[in-house]
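Asks: Below is the structure I would like to discuss, written out as structure tokens.
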Amino acid sequence: MTIEELKKSGTIIFESISGSRAYGLDTATSDTDIRGVFILPKEQFYSLNYVGQVNNETNDIAYYELNKFMELLSKNNPNIMELLNVPEECVLYKHPIFDLIKKEDFLSKLCKITFANYAFTQIKKARGLNKKIVNPVEKERKSVEDFCYVRDEKQSILFQDFLSTKNLKPQHCGLVKLAHMKDCYNLFYNDDLNYHGIARPNANEVCLSSVPKSEIPIAVLYFNVDAYSTYCKKYASYWNWVEKRNEERYKRNISHSKNYDAKNMMHTFRLLHMAKEIGLDKEINIRRKDRDYLLSIKNAEFEYDELVKKAETMKAELDEIYNNVDLIEKPNVDVINKLLFKIRNDFYKDTTKLQLP
């Protein structure tokens, strides 16, 4: 199911702007995130074609089927809990049936864990970006040959260096697997025989040749498979990140030279502040009153270690706050199941009436 198909189906019961524009933390280059809830048609819900979520490629726009939405609420998922108190001006559509979902049924002491854990995930992401910024991977992909080494007297040297020092051509090389020695091969050289070289273009493994028994190997070659595999994963991860990264955000992080993703750090403190507010006031405050402070973090006005220390202090404070808060330990599954049944049943009744001639 596509987003276009979902919108035409008439099954959306809630839709709102979310993310930075809902928090009041948006800037001129901010994307517009959309989150929503829908109820699958009865026939599809009871079939094998259940769809739990519909979103676009970047996940900027996402709609959750009622079952998945309620399940995430029951776990106090921060991104989903926010939808229970979105600023009125951000609500694009709300079916009256959505009002049956009350935040009081879901706000619980689990928020201390879920919001704080999510906050510290953002810290890891903030530092993780730095690894890619300061450790770029060359666009030209290395080959199998770059991970092959030859034993030459008392040392091992790169296969390509071995060829260069011996004035040999790679196309005249042949490999035969060396028994009982993992990833090791006898290396043969003969410009009169039809050898295949040690690797074909774009191959992920060495290439073996048919070698006459009378031939004498010139060396033993070792293919470092583990290093090659690690490199391939790193290469794919880096260039996938380059393809999908937000260029404005990337340039901003490069320019402030603090070696962390400031936007992720901003969300760390937004989440910690929200967890504190839930513990003190039993409210999910979406529109941020601490906007100026959060934007100062986004503008990289602090050092990474300083922010981590503050975040750890705030996380410790949450323990005391939640020990004294009058909130349920966790949402009551029986209450949620009854509510889920009522909403779905009432919705199906309404849509059936609309379809009657």
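Asks: Kindly indicate whether Y293 is over 19 Å from G19 (Cβ atoms) and aromatic (F, W, Y).
Replies: Answer is no for this residue.
Asks: Looking at segment 91-120 only, could you name the residues that are over 27 Å from R344 (Cα atoms) and loosely packed, with under 15 Cβ neighbours inside 10 Å?
Replies: Matches in segment 91-120: N117 only.
Asks: With a cut-off of at least 3 residues that are under 30 Å from G197 (Cβ atoms), name the helices (runs of 4 or more DSSP H) lying wholly within segment 73-184.
Replies: Working: elements: 78-81, 110-134, 159-166.
The qualifying helices (runs of 4 or more DSSP H) are 159-166.
Asks: I'd like the full set of residues that are over 26 Å from E283 (Cβ atoms) and in a helix (DSSP H, G or I), limited to segment 298-336.
Replies: Within segment 298-336, Y304, D305, E306, V308, K309 qualify.
Asks: Could you figure out which of (1) among the hydroxyl-bearing types (S, T, Y); (2) assigned to a strand (DSSP E or B); (3) modelled with pLDDT under 90 isn't true of S30?
Replies: If we test S30 against (1) among the hydroxyl-bearing types (S, T, Y); (2) assigned to a strand (DSSP E or B); (3) modelled with pLDDT under 90, just (2) comes out false.
Asks: Are any of the residues in segment 276-289 of a type outside the set (A, V, I, L, M, F, W, C), surrounded by 17 or more Cβ atoms within 10 Å (Cβ to Cβ), modelled with pLDDT under 85 and part of a helix (DSSP H, G or I)?
Replies: no
Asks: Would a scan of segment 185-199 turn up a residue that is touching a Pro at 6+ places or on another chain (Cβ under 9 Å), of a type in the set (A, V, I, L, M, F, W, C) and not in a loop (DSSP other than H, G, I, E, B)?
Replies: yes
Asks: Only one of these is closer than 30 Å to E317 by Cα and either modelled with pLDDT under 90 or within 24 Å of the chain's Cα centre (by Cα) (or both): S16, S74. Name it.
Replies: Sole residue among the options that is closer than 30 Å to E317 by Cα and either modelled with pLDDT under 90 or within 24 Å of the chain's Cα centre (by Cα) (or both): S74.
Asks: Given the residues E15, E43, which is the only one that is in the same structural domain as N85 (by TED's automatic domain parsing) and free of Cβ contacts under 8 Å to residues at least 12 places away in the same chain?
Replies: Numbers: E15 fails: free of Cβ contacts under 8 Å to residues at least 12 places away in the same chain.
Every option except E43 fails the conditions.
Asks: OK, next. Could you grab me the full set of residues in segment 287-321 that are of a type in the set (D, E) and closer than 23 Å to I113 by Cβ?
Replies: Within segment 287-321, D290, E312, E317, D319, E320 meet the criteria.
The values are calculated or read from the model by the stated rules, or taken from the named source; none is laboratory data. A quick note: this is a predicted structure, and the numbers were derived from the prediction, not measured. Using ideal geometry, Cβ is built from the backbone for each residue, glycine included, and neighbour counts are taken over all protein chains shown.
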